[in-house]
Amino acid sequence: MVSGLTPNLRVHPDPHAVAAAAAESMTETIRVAVRGSGRAMIALSGGATPRLLYERLAAAHADAVPWRDVHLWWGDERYVPPHDARSNLRMARDALIDRVPIPPANLHPMPTTLPDPNAAARAYEQALENGFGTPLPRFDVVLLGLGGDGHTASLFPGSPALREMTRRVVATQAPSAPATRLTLTYPVLNNAASVQFVVTGTEKAPVLRRVLQQECTPDECPASGVRPSRGELIWWLDAAAYDAAAYPQQAG
Ligand code: 6PG
């Protein structure tokens, strides 16, 4: 099997079971990373789906995770103030960060208060290089979601960001508000040791099927361009999404 090209599907009955299993797995992955390198470098996903996972990590694994050695980064961010209800940082704070003993110095949110989002993207590239000590970061885990249009992080269909093979972070325009976003690019996503999608709900089944069946190009479904070259690709799915994707003829 070529790493990253054959997805590892982990299907659980419902979103809570997905969150429990993914949290358990992430806890072990973090512990292994810390044992190996002294730290765990995690890129968080935004949107609504991962909230249950973050809450589970905080509730069931607050003591098992060596939070003092965990560094939280973001895969993408809406270009809104940190306290804005649409902020991915705000969601992670509410669901995870404010509930675990992670040192503030280990939090690396994307900057969203500079006048120029392009300058913010460049600032985050510098933060990544400072944090990882190398121009191209290799995350221990990158968490990702899947949008109904096939986007992931803030890589949207048809975006010039999909062709960006040098920059590590870029400012992009989303088709939905808030339009301006910051996102990691494919070179960073595909350099990760572990990329883990969390996708739940029947509404994601059509695009999930297209991505898993490799029926759409990265330009059409940016999630299909996520192929870690030296890492694992895991899909955490609930039965609603998987069954409707795998057996669409039986879907209601
Ligand atoms: C964001 C996310 C985005 C998200 C998908 C799925 O900033 O919104 O990074 O890529 O993962 O849009 O969102 P839901 O989990 O809310 O369906």
Radius 15 Å from Cβ of A193, net charge of other residues (Lys, Arg +1; Asp, Glu -1) = +3
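Counting other C-beta atoms within 10 Å, which of S25, S194 has the fewest, and how do the rest follow? Could you put the intermediate results ahead of the total?
Values: S25 16, S194 21.
By the 10 Å Cβ count, ascending, the order reads S25, S194.
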inquiry  = Starting from the 7 Å offset along Cα-to-Cβ, what nm value, one decimal, do you get for the label separation of D63 and H16?
reply    = 2.3 nm
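Where both residues lie in the chain, what percent of DSSP beta bridges are antiparallel, nearest 5?
30 percent
As a footprinting exposure proxy, order I42, I234 by other Cβ within 10 Å, with the fewest listed first.
Ascending Cβ contact count within 10 Å gives the list I234, I42.
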Surrounding net charge for V70, when Lys and Arg each add one and Asp and Glu each subtract one, Cβ distance under 11 Å = +1
task = Using only the Cα atoms, work out Rg/Rh for the range 8-238, with Rh taken as the Kirkwood radius, to two decimals.
result = 0.93
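Please rank S229, S45, S159, fewest neighbouring Cβ atoms within 10 Å first, as an exposure proxy. Mind dumping the intermediate values first?
On the way: S229 12, S45 24, S159 20.
Lowest count first: S229, S159, S45.
Since every read-out is calculated from the coordinates, none of them should be taken as a lab result. Here the structure is a predicted model, which is why all the values come from computation and not from measurement. Positions of Cβ are backbone-derived with ideal geometry, glycine not excepted, and every protein chain shown enters the neighbour counts.
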